[in-house]
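The values are calculated or read from the model by the stated rules, or taken from the named source; none is laboratory data. As the structure is a prediction and not an experimental result, all values here were calculated from the model. Every residue, glycine among them, receives a Cβ derived from its backbone with ideal geometry; neighbour counts consider all protein chains shown.
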Amino acid sequence: MAYKKPVQKFTGKIREVTLGENLKLGGESVLPFYSFDGDTGHKPALGMEIWDVYPESWPATIVNELGDKARKPAEWAKYVEEKYSPDFICLRLVGANQDAGDKSPEECALVAKEVAEAVNLPLVIAGCDSNEKNGKIFTKVAEALPEKNIAFLSAVEGNYKEVGAAVGLAYGNIVVAESSVDLNLAKQLNILLMQLGVKPEKMLMNPGCSAVGYGFEYVVTTLDRIRLAALDQNDTTLQIPIIMPVSFETWKVKESVATEDDVPEWGNQEERGIAVEISTAVGVLAAGANAVILRHPRSLQVLREFINCLI
């Protein structure tokens, strides 16, 4: 009897969301990279992180390569676009933190507008460590850049009304719903934003991320459960593309920040950071992420090859 390969079919499908002018995320009706089962949707997108302040904690090779551009976000963004060609750029407004300059929402909006005018790539805007301040920052940035399909990372339980109303309703941009590695919390926040009036095609999800070795198996299983609920159970509230800020988590763990003087047996510090970033990104992409944010150019190169080998 001839072997007949089984095909797993689902009734649900992930919505398609357009970032910027034409970067489409989502659209899949099968598990990640399961092209043998059906339509895998749009290719996962790879973004690169830049800051609005000088990145003193970044690997020396990156900072040295950037030179003076590391102090000028618009020039930094243009350099990244031209040299590395990521799918999008993530501007992280670190300078709004109290210990990094305490920039006002108006100052943040000015920086974001300069970056947006300098590049052609889609933008993701990430805030500071204060969810309360992020609500005000995102309002001003969205006001300065209306109807640009910029994704704002993120709306959380404490500020979703302010962020959703300004970003998604008043100024027509994309709201990223961020929860804490729990399917029910992710579902609840999506529902709250939809009830507020934000359209699903103007939403992305960040269900919570960590670096490998730091509860990462729980991140992966949560992503698995979200995707299975969306596809197999046809849960429309979870049929939203997922974006994961991998670099935010991986470059702050001890494996990435411990110097070679502290732990010489661990080897080169930069190589360790790259390894953690790549491993984390591969894991979340295989579990259902539609986009990841990276910091190191070599991580971008490896992840691009990884995706191209599987699609």
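Among residues of the stretch 32-43 that are under 12 Å from Lys13 (Cβ atoms) and free of Cβ contacts under 8 Å to residues at least 60 places away in the same chain, those with a beta-carbon under 8 Å from a residue that is aromatic (Phe, Trp, Tyr) and assigned to a loop (DSSP other than H, G, I, E, B) at least six positions away or on a different chain give the pairs Gly38/Phe10.
Each row is one residue, and each column tells you yes or no for (1) out of contact with any Lys or Arg (no Cβ under 6 Å at 6 or more places or on another chain); (2) more than 22 Å from Ala166 (Cβ to Cβ).
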site	(1), (2)
Val63	yes, yes
Tyr79	no, yes
Asp87	yes, yes
Asp102	yes, no
Lys113	yes, no
Cys128	yes, no
Lys148	yes, no
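Does the stretch 225-263 hold any residues that are in a helix (DSSP H, G or I), out of contact with any strand residue (DSSP E or B) (no Cβ under 8 Å at 6 or more places or on another chain), in contact (Cβ under 8 Å) with a residue 12 or more places away in the chain and farther than 20 Å from Val17 by Cα, and which are they? Answer for the stretch 225-263, where residues must be in a helix (DSSP H, G or I), out of contact with any strand residue (DSSP E or B) (no Cβ under 8 Å at 6 or more places or on another chain), in contact (Cβ under 8 Å) with a residue 12 or more places away in the chain and farther than 20 Å from Val17 by Cα: Arg225, Glu249, Thr250, Glu255, Ser256, Val257. Taken together, the residues in the stretch 132-159 that are free of Cβ contacts under 8 Å to residues at least 60 places away in the same chain, more than 20 Å from Ile191 (Cβ to Cβ) and of a type outside the set (Val, Ile, Thr) amount to 12. Confirm whether Gly135 is assigned to a helix (DSSP H, G or I) and either farther than 21 Å from Phe248 by Cβ or touching a strand residue (DSSP E or B) at 6+ places or on another chain (Cβ under 7 Å) (or both). No, not satisfied. Modelled with pLDDT of 95 or more, crowded, with 16+ Cβ neighbours inside 10 Å and touching a Phe, Trp or Tyr at 6+ places or on another chain (Cβ under 6 Å): is that true of Ser210 in this structure? Judged against the criteria, Ser210 is a match. Against the condition assigned to a strand (DSSP E or B), crowded, with 21+ Cβ neighbours inside 10 Å and touching a helix residue (DSSP H, G or I) at 6+ places or on another chain (Cβ under 8 Å), how does Val284 come out, does it pass? The answer is no for Val284.
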